[in-house]
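Below is one structure, written out as structure tokens, with a few remarks after it.
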Amino acid sequence: MERWHRAFSKNDAEFKELFGVKKEIFQEMLAILTDAREKRQRKGGRRPRLTVGDQLFMTLQYWREYRTMTHLGFDFGIAKSTVSDTIALVENILVQSGAFRLPGKKALLAAENAGRKLAVDVTESPIERPKKNKKTGIRARKRGIR
């Protein structure tokens, strides 16, 4: 049994508290992802370790609970990089479907008079730092000046 099936025994309010979406929205997302998986599988390739429902479940947990990808990977038995790739894949499929898309900047600015809306991107990204090696060391040290 998939991990997300247990949540369907909950009532609508508890389900929304767990996932952040209603059961109907979850089913719509699941249908879109299932269609996309079938299209990808026709081309061939290796089957993913997680089912479509578990991929969606993991993505919703990431969005809802702000869990780290390392913790999600541990819970689902996959690597951190696989978690990142899966979340990006699910996000892209849902956005490309057009059913789950945030309004554009103009729509948000036009709605500013009616009330404020805020969208926050909380995607994990590694910090970019310069590599430390002998070539990028301090010039004075290279010349022998101390």
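To keep it simple, each residue is scored yes or no on (1) closer than 20 Å to Pro126 by Cα; (2) touching a residue at least 12 places away in the same chain (Cβ under 8 Å); (3) assigned to a helix (DSSP H, G or I).
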residue: His5; (1), (2), (3): no, yes, yes
residue: Phe8; (1), (2), (3): no, yes, yes
residue: Glu28; (1), (2), (3): no, yes, yes
residue: Gly44; (1), (2), (3): no, no, no
residue: Arg49; (1), (2), (3): no, yes, no
residue: Leu72; (1), (2), (3): yes, yes, yes
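Look through Glu17, Glu28, Glu38, Glu24 and report the one residue that is closer than 25 Å to Lys80 by Cα and acidic (Asp, Glu).
Exactly one of Glu17, Glu28, Glu38, Glu24 is closer than 25 Å to Lys80 by Cα and acidic (Asp, Glu), namely Glu38.
Scan the stretch 110-126 and tell me whether some residue there is surrounded by 10 or more Cβ atoms within 10 Å (Cβ to Cβ), outside any loop (DSSP other than H, G, I, E, B) and either modelled with pLDDT of 90 or more or not polar (S, T, N, Q) (or both).
yes
So, in the stretch 25-82, how many residues would count as being under 16 Å from Glu2 (Cα atoms) and hydroxyl-bearing (Ser, Thr, Tyr)?
3
Would you confirm whether or not the stretch 60-70 contains a residue that is closer than 22 Å to Leu18 by Cβ, modelled with pLDDT of 70 or more, hydroxyl-bearing (Ser, Thr, Tyr) and assigned to a helix (DSSP H, G or I)?
Checking the stretch 60-70: at least one residue is closer than 22 Å to Leu18 by Cβ, modelled with pLDDT of 70 or more, hydroxyl-bearing (Ser, Thr, Tyr) and assigned to a helix (DSSP H, G or I).
The values are calculated or read from the model by the stated rules, or taken from the named source; none is laboratory data. The model shown is predicted, which means the values in this text are computed figures rather than measured ones. For neighbour counting, all protein chains shown are included, and Cβ atoms are generated from backbone atoms with ideal geometry for every residue, glycine included.
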